[in-house]
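Engineer: Sharing a structure here in structure tokens format.
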Amino acid sequence: MTFIVRMLRFVFWVVVVSWSVALLRRLVQRMGQGAAQSQTPVDVPNDAVTRKLVRDPVCGMHIAEVLALPLRQDGELLHFCSTACRDKYVSETRKIAANG
Ligand SMILES: [Zn+2]
């Protein structure tokens, strides 16, 4: 009979340990979800900004606004794909200004 009692005790402890582990996991998941949920309202507008595309007036390429190089010229905000395009635009507008 002692064997069965030992087995029952063993099974009891296995159940208790697995149950407490499951409970702890649930708690951790809930905490993780709570943190993620509080971040979600901030993440959504950021994602919308990331997806917004702007056009490079020099090469005509479309780039994500966050990755583009901004330049404020005559109160207008322009975006460029690279410093090369921005420098080209700046030098060209200077030439036009010098000629005119
Ligand atoms: Zn460009």
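The values are calculated or read from the model by the stated rules, or taken from the named source; none is laboratory data. Predicted model, so just to flag it, every value in this text is computed and none were measured. Here the Cβ is made from the backbone with ideal geometry for all residues, glycine too, and neighbour counts use every protein chain on show.
Engineer: Do any residues in the stretch 82-95 that are farther than 20 Å from residue 62 by Cα have Cβ atoms under 8 Å from those of residues that are surrounded by fewer than 15 Cβ atoms within 10 Å (Cβ to Cβ), where the two are at least six apart or on different chains, and which pairs are they?
Structural biologist: Taking only residues 6 or more apart or on different chains, the pairs are 93/73.
Engineer: Condition first: within 15 Å of the ligand (Cβ to nearest atom), among the β-branched types (Val, Ile, Thr) and more than 17 Å from residue 92 (Cα to Cα). Now tell me which residues in the stretch 52-80 satisfy that.
Structural biologist: 54, 63
Engineer: Would you be able to say whether some residue in the stretch 72-79 is surrounded by 11 or more Cβ atoms within 10 Å (Cβ to Cβ) and at pLDDT below 90?
Structural biologist: yes
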